[in-house]
Amino acid sequence: MLITDAASFFLAWLRNPRTISAVTPSGSRVSALMTQGIGPATGPVMELGPGTGVFTYSLLQRGVREEDLTLVELSADFAALLRRRFPKARVLCLDAMRIEQANVFADVSFGAVVSGLGFRAMRPLEIRAILSGAFKNLRSGGAFHQITYGPRCPVPSQVLDLLKLAEVRIGQTIWNLPPASVYRISRREDCIIASGSQSAGLPVA
């Protein structure tokens, strides 16, 4: 992590703590945890709130092609930085809550969404808007990866129920500052299909 990245991240957090989940960029351990299960076969990946691109680098290390990345960043300064660092990626300076209304993904079906947004500081209505827009563009079997620094899933149960989603904690790391957990959120129907395939002894995609 560059010192300039940490300083830029902290200043951005001071300006808008609601949309940035931590005061410093995430470390390598949580980045690896955040991108676990994502690889070349995943196809296009959407990242929400990429900031300085820590998770983006991890996605590239996992084998995701740079041209398969769509980075949605609210901060104009971070968006400009991301365009310089990842010139082949699609970078959109856009509020994640407007994904559904923006209708800019008509030609893309994503295999995964990676979110560094600060859900714990958001209202349920805002979280619902982000998840609704993300899953509208997420193909069947795809999952939404969400980081949190709290003791439980940052998506309220009523939002999960309303959108028919299920959550499972992928894991946690105490070596990040602050300690972090990552949750995998998916459609309940996909969980049922995966559970049925495992029960039948069939491979799960």
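A few comments on the model shown:
- Filtering the stretch 100-111 for residues that are part of a helix (DSSP H, G or I), of a type in the set (A, V, I, L, M) and either surrounded by fewer than 20 Cβ atoms within 10 Å (Cβ to Cβ) or without any contact (Cβ under 8 Å) to a residue 12 or more places away in the chain (or both) leaves a non-empty set.
- So residue 160, is it part of a helix (DSSP H, G or I) and farther than 22 Å from residue 103 by Cβ: yes
- Taken over the stretch 165-201, the residue count meeting the criterion of being at pLDDT 90 or above, part of a helix (DSSP H, G or I) and under 23 Å from residue 152 (Cβ atoms) is 1.
- Within the stretch 73-84, residues that are closer than 12 Å to residue 53 by Cβ sit with their Cβ atoms under 8 Å from residues that are of a type in the set (D, E, K, R) and buried (at least 17 other Cβ atoms within 10 Å of the Cβ), at 6+ positions apart or across chains, in these pairs: 79/73; 82/73.
- No other residue among 60, 82, 33 is at pLDDT below 95 and not charged (D, E, K, R) apart from 33.
- Residue 111 being touching a helix residue (DSSP H, G or I) at 6+ places or on another chain (Cβ under 7 Å), within 19 Å of residue 34 (Cα to Cα) and modelled with pLDDT of 95 or more: yes
- Failed condition for residue 20, given (1) assigned to a loop (DSSP other than H, G, I, E, B); (2) β-branched (Val, Ile, Thr); (3) at pLDDT 95 or above: (3)
- Among (1) surrounded by fewer than 22 Cβ atoms within 10 Å (Cβ to Cβ); (2) part of a loop (DSSP other than H, G, I, E, B) - the single one residue 64 does not satisfy: (1)
The values are calculated or read from the model by the stated rules, or taken from the named source; none is laboratory data. These numbers were taken from a predicted model, which means no experiment stands behind them. With ideal geometry, Cβ positions are generated from the backbone for all residues, glycine too; neighbour counts draw on all protein chains shown.
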